[in-house]
1. Regarding A:D242, is this residue of a type in the set (D, E, K, R) and surrounded by fewer than 22 Cβ atoms within 10 Å (Cβ to Cβ)?
2. Could you check, for segment B:226-237, whether at least one of its residues is within 13 Å of chain C (Cβ to nearest Cβ), among the basic types (K, R) and in a loop (DSSP other than H, G, I, E, B)?
3. Name the one entry in B:I17, B:I48 that is within 29 Å of C:A192 (Cβ to Cβ) and either touching a strand residue (DSSP E or B) at 6+ places or on another chain (Cβ under 7 Å) or among the small types (G, A, S) (or both).
4. Taking segment B:210-225 only, how many residues are at the interface with chain C (Cβ under 8 Å from one of its Cβ atoms) and out of contact with any helix residue (DSSP H, G or I) (no Cβ under 8 Å at 6 or more places or on another chain)?
5. Taking segment B:141-189, which residues are more than 11 Å from chain C (Cβ to nearest Cβ), touching a residue at least 24 places away in the same chain (Cβ under 8 Å) and in contact with a His (Cβ under 9 Å, 6 or more places away or on another chain)?
6. When you look at B:Y64, is it at the interface with chain A (Cβ under 8 Å from one of its Cβ atoms), under 20 Å from the mean Cα position of the chain (by Cα) and more than 25 Å from B:H220 (Cβ to Cβ), yes or no?
7. Scan (1) more than 28 Å from A:S84 (Cα to Cα); (2) surrounded by fewer than 20 Cβ atoms within 10 Å (Cβ to Cβ); (3) of a type outside the set (D, E) for the single condition A:L262 breaks and write down its number.
8. Output the number of the condition that B:E250 fails; it satisfies all remaining conditions of (1) more than 7 Å from chain C (Cβ to nearest Cβ); (2) crowded, with 16+ Cβ neighbours inside 10 Å.
Amino acid sequence: MTIDNAPFDRVSFVGVLSRRLFGRGGPVVDRLALVMVGILLVLAVVGPWLAPHDPYAVDPIASLEPPGAAYWLGTDDTGRDVLSRLLAGAPLTILSAVAVVVGSTIIGVFVASVATLAPRWLDDALMRCTEIFLSIPSLVLALGLTAVLRPSLTSIIIAMVMALWPATARITRNILRETMTSAYVEAAKIMGVSRLRLMLRHALPNSLDAIYVHASMELSGTIVMISGLAFLGVGAPPPSADWGSMIAQGQDFITTAWWISLFPGLAITVAALAFGLVGDAIRRINDPTSGRAQ
Amino acid sequence: MSEVLIEVAGLTKRFGILSALDNVSFELRAGEVLGLVGESGSGKSTVIRCLVGLAQQTSGRIAYRGIDLAAATAAERRQYRRDVQMIFQDPYSSLDPRMTVQQILEEPMLVVGGFSARQRQERILHLLHRLGLKEEHLSRYPKHFSGGQRQRIAIIRALTVEPKVLLCDEPVSALDVSVQAQVLNLLRDMQKELGLTILFVAHDLAVVKYLCSRVVVLHHGIVEEAGTVDEVYGAPKAAYTRELLDAVAEPDPQAERARRAARLKRLAAIR
Amino acid sequence: MTDGAAPLLEVERLSIAVPAGRRIDGASAGDLTLVSDVSYAIRPGERVALVGESGSGKSLTARAILRLDPGLRLSGSIRWDGRELVGAPEPVLRGIRGADIAMIFQDPMTALNPVLTIGEQVAEPLTVRGVPKKEALARAAEMLDWLRVPRAKERLRSYPGEFSGGMRQRVVMAAALIGRPRLLIADEPTTALDVRVQEQVLDLIVEQSSELGLAVLFITHDLSIVAGLAHQVIVMYRGEFVEKRDVDGLFASPRHPYTRGLIGSIPRLTSDPSVRLSTVDEYMARNGGAADE
């Protein structure tokens, strides 16, 4: 097979990914996880509209109904439909997690880029700073930060972005450092390309793959952590339908009306699992299994 | 006697107490192909890296057309970077995997400046055809090409800005023998056609003989011997050079067997 | 070399393929054949060179003997000492590896475990077969001494990192030869080495082969080193045998256009540099073969 009749496949990360995940021979588990992620993302956007009942409507008569024909997943102590709340909470939980990952990735990549371009002392200073952040468990750090801000989902998002960007910065900087020593970057350097252009034009694009992998793996843990923080009460106040808060709201009824906490708990588990599997699949696929042209 | 394009004088590079290069001196004259031969650890790659600015020498002088690079003005340095281009050893890592061939080939001209879009395209297409590639290859990525083709792309990239000197760091070592022959022939042709001056770093003595007119032999950072290929290969003065020449295997079964038998006899006598 | 003796290794119509489910090249149906229909034999004490460029399948062909790539499908026959190896149970292969057939690889650094002493590693083929450690280490010292590793007994306690590339290759060879194998498979053992060290390692292989009556299957892309080393040369191209000759015949009058092109493209110290190197394409095109690139 010569260059002229080789299949022209795209070099972009998404291109390679789609081919591998959707092509023949992808492991069943990966495909299931991908489907699940797809469903979750769709629900994250249109969830609230699919809710059969008003997620926030209080109805004392229907309170503490077990799962049944009228309320598929039961109702909570104020008569609100669990299923509807679950759907309403989907965007809150999932999109918040996405926002956290996107935010921390952007900040982390920015700091890493500056550190890579900066003179040695600044690079060292920045890395020492991130290490200080990294030495504090992220949950504790996030909790501490939310204490400063008013309890709300936005506060959680901000706190978590602050807690997570150092890890991304650290990893990205190492990736960038390595990429900057590649032969093709040296070739460009010899031409007289400025360090900034070397970073923007050569190093960053080639580091994106690894950054995507890191981000996709972070997503799973972030969903759990956001829910955890909400459960602890630093998220939005009670009527909030995010899954973490829902579990907290059902705490007192764990033995009697188990469905109130169980279903949001299941939702978090399934979401974390699905995103985790996809993240892992992305990492595996991204490994150089077939790098060079034959 | 042609102009001395690059003069290397007393080049020394130390890493702590280790010397990668120790007082290396040689001249690269216009129009010639100079071979820099050595085994691994000889410092030959370090020489090239110092010449292109990827490494800074500890002491010693590098001059381009009489101008000491350390004392050169910004304009002179720019001219140097345009006139002196490099071909790397590994064709699999010297091309940015995320750029199309078109983008890769355009970059030097964009950085150097002074080429209109039309001129750039003309240069690219001309060199592309001259080196045996096709226009449709421009939209492809390096991963679609074999090692030999990638080296050709690397050579085209170097030639787009009309350089005077090509610094080649073992450009065929990573290639299969049959492909190596193609690239060597190409380098020879381009050198004659364009009047290029080439510094060819390699470990393969036979390859150096095929391409070069003069050669410098490097061993542990020291110049063991220098001269025309005929002189150095025909009547080597340094013991090291003789050892290197003796160790080269020739595709001649009877001769090789005889040499090996002689060597083994000597070894057996020691046992 | 014992002429006329029964072959140690007989390979008949061996094909190697990647089964359909494991293909990663995105193509759909069927197995991907990497090596097709190759046959050859090695007699006791004979040195056979398997020569080819990258992608020729030479490494796979040799590795198939010891079944080092279990994910690949083998068809055809590989007979060692009359015993069929294709499809044989794993314990049979394990028994052969290191004892009857030994193998050394290209990079001595990765073949040696950096955290174990070389004594332990050279002795390993014996210790895993129940030889007591003291005796095994004594044999290891003997072997290293035989291969001219200076101060062998002391060095038993050294680590691979303390040795140069050429010395490491000797250590690897000691481990390979300690089990007194009858066939040594050498997969590009000199490719990563400087030319002087390369010569030493090749001399060593030829010397051991002659003195111990050891047969050698030598895999390489370098035709030049094959000239002084092999009795029989097999040239491979894209998974097929293209020419199989005695070494003198091959170099004197190569028959296949690929072989001719390959020999012609080697630059030599002795040739006239004004004569252009011929390329494989030219030979193949002239003879109607498929040109690459």
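1. Judged against the criteria, A:D242 is not a match.
2. Of segment B:226-237, the ones within 13 Å of chain C (Cβ to nearest Cβ) are B:228-230, B:232-234, B:236.
Still in the running and among the basic types (K, R): none.
No, that holds for no residue.
3. Unique residue meeting the criteria: B:I48.
4. Within segment B:210-225, residues that are at the interface with chain C (Cβ under 8 Å from one of its Cβ atoms) and out of contact with any helix residue (DSSP H, G or I) (no Cβ under 8 Å at 6 or more places or on another chain) number 0.
5. Residues satisfying the conditions are B:I153, B:E170.
6. Values: at the interface with chain A (Cβ under 8 Å from one of its Cβ atoms): no; under 20 Å from the mean Cα position of the chain (by Cα): yes; more than 25 Å from B:H220 (Cβ to Cβ): yes.
It is false that B:Y64 is at the interface with chain A (Cβ under 8 Å from one of its Cβ atoms), under 20 Å from the mean Cα position of the chain (by Cα) and more than 25 Å from B:H220 (Cβ to Cβ).
7. Failed condition: (1).
8. Here B:E250 meets the rest and fails (1).
Since every read-out is calculated from the coordinates, none of them should be taken as a lab result. Worth saying up front: this structure is predicted, and the values here are computed from it rather than measured. Note: ideal-geometry Cβ built from the backbone for every residue, glycine included; neighbour counts use all protein chains shown.
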